[in-house]
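No value in this document is a laboratory result; all are computed from the given coordinates. Please read all numbers here as calculations on a predicted model, not as lab measurements. Virtual Cβ from ideal backbone geometry, glycine too; neighbours counted across all protein chains shown.
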Amino acid sequence: MSSSFGHNIRMQVFGQSHSEMLGVVIDGLPAGYAIDLQQVQAFLDRRRGGQDVYSTARAEADTPRIVSGLLDGATCGAPLCALFENEDARSKDYDKLSAVPRPSHADYYADEKYFGAQDFRGGGHFSGRMTLALCFAGAICAQLLERWDVHVGAHIEQIHHVLDRPYNPLELNLGDLRYEGFPVNDLAVEADMKQAILDAASEGDSVGGIIECAAIGLPVGAGSPLFAGVENQLAQAIFAVPAVRGIEFGAGFDAAAMLGSEHNDAFCIEEGTILHKTNNAGGVVGGLTTGMPLIFRVAFKPTPSIGKEQDSVNLETLENVRLKIEGRHDPCIVPRAVPVIEAATAFVLADMLVNSHAEL
């Protein structure tokens with residue numbers, strides 16, 4: 001099923017942007033692990049809208065109601081189910097969109113696929129709101145990973161034309177950057193990034209960007225060829241996030257212009273440990289982790305819901321029309337997407353490593 005994902009740990013996501021609620025069921029979590037729900041809520045709050053002028057004004061509590069899977073605050077082996085109420089949806093904003101699809105949204109294509117039965121309110125189950133369920137699953141898995149001394153973090157590498165300093169691929173310290181509301185490595189670029197968002201919003205437009213994500217503490221050899229490699233599984237999870245347009249690992253597309261002697265990560269021994277002198281592979285070779293930091297970048301398109309008038313069509317009258325989208329939308333999805341990318345990464349890595357950490 002397209003709404004489920006995972007191998008050893010499996011999640012099933014359900015609901016829509018404007019349905020009564022949405023949720024997630026996570027099966028296969030190892031039993032006996034204490035879960036810090038305050039830490040989970042803090043993780044979810046990082047993607048929550050309605051907190052500043054750089055995101056949508058839709059303000060949901062995003063507080064999970066856990067109905068199974070925990071006993072005295074710890075996993076008990078049963079499927080973990082969490083529900084989230086949709087309390088601040090304004091469905092009337094989408095009344096005219098039932099016949100007029102929004103450019104670069106799934107509206108028209110879903111209408112064709114589901115024979116006109118698609119829930120178009122807020123994008124239905126194509127909405128970015130569904131990443132809340134993914135964030136919950138990832139927040140749980142991130143806590144498992146930290147118990148296994150594996151840590152995941154991300155930062156905003158680019159918004160529009162403004163660039164942040166990338167991670168050091170050899171000496172990576174995630175620190176407390178993950179918990180910042182607007183995570184950048186170089187604080188001097190934060191104001192320029194925010195201004196780029198405000199400038200686009202003032203023109204009724206939007207901007208995209210890039211998120212760089214990393215994981216440290218991974219063992220050598222996690223992943224499997226051919227179709228279950230680390231890149232394969234991460235790419236599948238990452239592309240479940242709306243607005244993602246691309247992913248690259250390590251040197252990425254720059255590798256195409258490098259010589260083999262430049263790109264190869266030569267081996268070395270330091271204090272009895274086998275390491276690499278460079279990390280152009282981004283911590284993955286042959287679909288397997290190398291023991292070096294896992295580093296990849298994710299490109300996001302500009303938010304397609306913009307205030308400017310656009311060309312569209314009326315599906316009922318088959319006429320060309322002009323569309324002005326109403327409602328509440330993010331002028332840039334990138335800041336709220338940082339924890340979502342972390343969550344997808346944490347889930348994939350926990351899924352890969354859980355069998356080797358079955359004992360508490």
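Tabulated data
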| quantity | calculated |
| --- | --- |
| Region 166-322 - convex hull of alpha carbons, volume per residue in Å³ | 180 |
| Charge context of Q118, other residues only, Cβ under 12 angstrom, K/R +1, D/E -1 | -2 |
| Mean residue ellipticity (222 nm) of the chain, computed from DSSP H runs ≥ 4 via -39,500 (n - 2.57), nearest 500 | -6500 deg cm²/dmol |
| For the chain: relative contact order, % (alpha-carbon pairs under 8 angstrom, 6 or more apart) | 23 |
| Counted charge near G28, where neighbours are those whose Cβ lies closer than 11 Å (Asp, Glu -1; Lys, Arg +1) | -1 |
| Separation between Cα centres of region 103-143 and region 1-55, rounded to whole Å | 13 |
| Global geometry of region 124-252, whether rounded, prolate or oblate, following the gyration tensor of its Cα atoms and the 1.5 cut on a/c | prolate |
| Magnitude of the charge dipole, region 7-81, Cβ model with Lys/Arg +1 and Asp/Glu -1, debye to 20 | 160 |
| Once the Cα gyration tensor of the chain is diagonalised, semi-axes √(5λ) in Å | 34, 26, 19 |
| Estimated vicinal HN-Hα couplings, Hz - region 263-276 in sequence order (Karplus 6.51, -1.76, 1.60; Gly, Pro = x) | 7, 4, 8, 5, 7, 7, 10, 10, 6, x, 10, 7, 10, 10 |
| Given charges at Cβ of Lys, Arg, Asp, Glu: region 4-357 dipole, positive-most of L70, P304, L315 | L315 |
| Within-12-Å neighbourhood charge of G250 [Cβ basis; K, R +1; D, E -1] | -4 |
| Nearest 10 degrees, 0 to 90: helix 334-353 Cα axis against the chain principal axis | 50 |
| Selection from G287, L97, F239 lying farthest towards where the dipole of the chain points positive, charges on Cβ | L97 |
| Dipole-positive endmost among G153, L259, L170 within region 4-357 (Cβ charges, Cα centre) | G153 |
| Packing-based ranking, highest mean first, of 216-227, 138-149 given that Cβ atoms within 10 Å are counted | 138-149, 216-227 |
| Net charge dipole size for region 135-199 [Lys, Arg +1 and Asp, Glu -1 on Cβ; Debye, nearest 20] | 200 |
